[in-house]
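Q: Take this structure, written in structure tokens, and hold onto it; I'll ask about it next.
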Amino acid sequence: MTLKIYNTLTRKKEPFETIEPGHVRMYVCGPTVYDKAHVGHAMSSVIFDVIRRYLEYKGYKVSHVMNYTDVEDKIIARARELGEEPLELAERYMREYDQHLRDLNVLPATVYPRASHEIDQIIEMIQGLVERGLAYAVGGDVYYRVARFKGYGKLSGRRPEDMRAGARLQVDERKEDPADFALWKAAKPGEPAWDSPWGPGRPGWHIECSAMNLRYLGDQIDIHGGGNDLIFPHHENEIAQTEGLTGKPFARYWVHNGMLQLAGEKMSKSLGNLITIEQFLQEHEPDVFRMLVLNSHYRGPLTFSDDVVMQAERALERLRSALRPASPSPQAPPKAAEALAAKARETRLGFEAAMDDDFNTPGALSHLFDLVRAINQARDAGVDQETLGAAQEVLRELAGVLGLRLDRPQAGSREAAPYIDLLIEVRERLREAKHWELADLIRDRLTELDVVLEDGKAGTTWRMR
RNA sequence: GGCGACGUAGCCAAGUGGUAAGGCAAGGGUCUGCAAAACCCUCAUUCGCGGGUUCGAAUCCCGCCGUCGCCUCCA
């Protein structure tokens, strides 16, 4: 099976072919670190983590670059508000985001570049664009000359004329054309600034990604990703900058994720309708979030609500139910083991077919749930642990490709375990003596403490809820 | 106004020409002292609405209605 990926550039699903055999160069736009990150950012990181994991599952080596934008107007404004140095503020939020990524089980990128560390490369690139007549300096600023780049608008499907007509563009008198955008901004007093051929200043937002790509991945990459709100102008401008300079097609596949919505609107800092990653993780385990993201296709919008979170919680529990140990029985039908092994093979094929089709994670999950049912059936039928374990291993592996941790130890349970075991033992005696009231009291009180007791044939087991 | 998505059961959500995956919830049953979990059964003759193409459409075409995104910083 060949992997197909939807390419924003062509608006089609295309067979995936890398520039260099077996090696994927992937760049994903990370957050601008001026405030706490919200679950929308987390969704994007999780989606590209799943893409990366699947590519690795397929045998590719993946060079994965995710940038942090740490020089930007909002950072400066926010730092001024808080009386903090802009770069320090950015550093603080960057560390926080990094911790979130670890909590969310997002594999570390190969490199995490940041704008403030790439100034030399950025300046060099702007100079190159000026030399080629694609950029011009005006009073310490440098602008990109959009009219000189013939492919401008090919990603977003916009024409420069449309943008000039747009009444929402603020006309800057110094620009040759209202559609031109800033590559370098002259420093105003008190702003972070670096020396440049055009005087002290700082890079515009779009140029940093072009520069980092060039430096860490080369002039042509396989996958360029980010939220679909970045298609225009950010990615359109990146294409203009990079291709303007190199004359070669920049990214082969442009991959964009849909937006997370809250109460019918895009979750965003400017709208103020957001749930921070921190808030979410205080109340739920990280895999619940991942489950939520996996349950809908990455390109579509995802509406966040308590209901949807709860459904993800329960679905994850169901996935985990399959990992319970076998209860072998001599009466196990001889064909049960064979049937389970066949189901496991079938699941892998279905899973791969779904993922090969533009990372159809809801489809992939449906195959995992089919395997869950088959495993539970086989356990009820009494197959031995070896047979059950083999199927469970497949489930664990494929869930792992999606980044789900099915048997992650529950926080806090280790310390409590001996005491819970003691209570179960006492309750066992009570049950033998048919003291149901007391036995049930122990079970109910433990349930209130989120410790769920389950009486099975092989004795009582417990789990954290 | 321009560009682009989307509208599938009570909820979430796959499916893009051959007769509706999966999850949650709900109801019934098996198991259990009772539960929980698991298992079995039930749960969209139908895919926003109206036309059209076709032997055949949720899937293609046209129109309409509705929701959302981008066009300005945004994952």
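Q: What accessible area, in Å² to the nearest ten, does a 1.4 Å probe give for residue A:63?
A: Looks like 20 Å² after rounding.
Q: Send over a whole-number figure in Å² for the accessible area per residue of chain A, probe 1.4 Å. All intermediate terms of the calculation are to be shown ahead of the outcome.
A: Values: 22130 Å² over 465 residues.
Ligands and nucleic acids excluded, the result is 48 Å² per residue.
Q: Here's a follow-up. Over 29 Å between Cα atoms: which of A:58/A:269; A:58/A:335; A:12/A:248; A:175/A:248; A:13/A:248; A:36/A:58 fall into that group?
A: Working: A:58/A:269 37 Å; A:58/A:335 32 Å; A:12/A:248 21 Å; A:175/A:248 27 Å; A:13/A:248 22 Å; A:36/A:58 35 Å.
A:58/A:269; A:58/A:335; A:36/A:58, as the Cα separations exceed 29 Å there.
Q: Can you pull the accessible area of residue A:435 for me, 1.4 Å probe, Å² to the nearest 10?
A: Per-residue accessible area (residue A:435): approximately 100 Å².
Q: Rounded to the nearest percent, how much of the accessible area of chain A (1.4 Å probe, protein heavy atoms only) is carbon and sulfur?
A: Working: 11250 of 22130 Å².
Whole-percent figure for carbon plus sulfur exposure: 51.
Q: Just report the Cα centroid separation between region A:48-114 and region A:264-316, whole Å.
A: 19 Å
Q: For A:310, A:259, write out the residues from largest to smallest accessible area, computed with a 1.4 angstrom probe and no ligands counted. Spell out each step's value before the answer.
A: Working: A:310 100, A:259 35 Å².
Listed by decreasing accessible area, they come as A:310, A:259.
Q: Suppose we keep just the DSSP beta bridges with both residues in chain A; what percent of those would be antiparallel, to 5?
A: 55 percent
Q: Still on this structure, I have one more. Heavy-atom accessible area of residue A:110 with all protein chains present, probe 1.4 Å, nearest 10 Å²?
A: It works out to around 80 Å².
Q: Among the complete DSSP H segments of chain A, which ones combine at least 24 Å of alpha-carbon extent along their axis with a mean Kyte-Doolittle hydropathy of -1.0 or more?
A: Details: long enough: A:39-57 (26 Å, 0.43); A:86-103 (26 Å, -1.49); A:334-356 (35 Å, -0.30); A:361-381 (30 Å, 0.02); A:413-432 (28 Å, -0.55).
The qualifying helices are A:39-57, A:334-356, A:361-381, A:413-432.
Q: Quick one: Karplus J couplings for region A:460-465, per residue in order, coefficients 6.51, -1.76, 1.60, θ = phi - 60°, nearest Hz, x for Gly and Pro?
A: Once θ is set to phi - 60°, the couplings for region A:460-465 become 8, 10, 9, 8, 7, 9 Hz.
The values are calculated or read from the model by the stated rules, or taken from the named source; none is laboratory data. These numbers come from a predicted model, not from an experiment. Note: areas computed on protein heavy atoms with side chains; ligands, DNA, RNA excluded. Shrake-Rupley method; radii C 1.70, N 1.55, O 1.52, S 1.80 Å.
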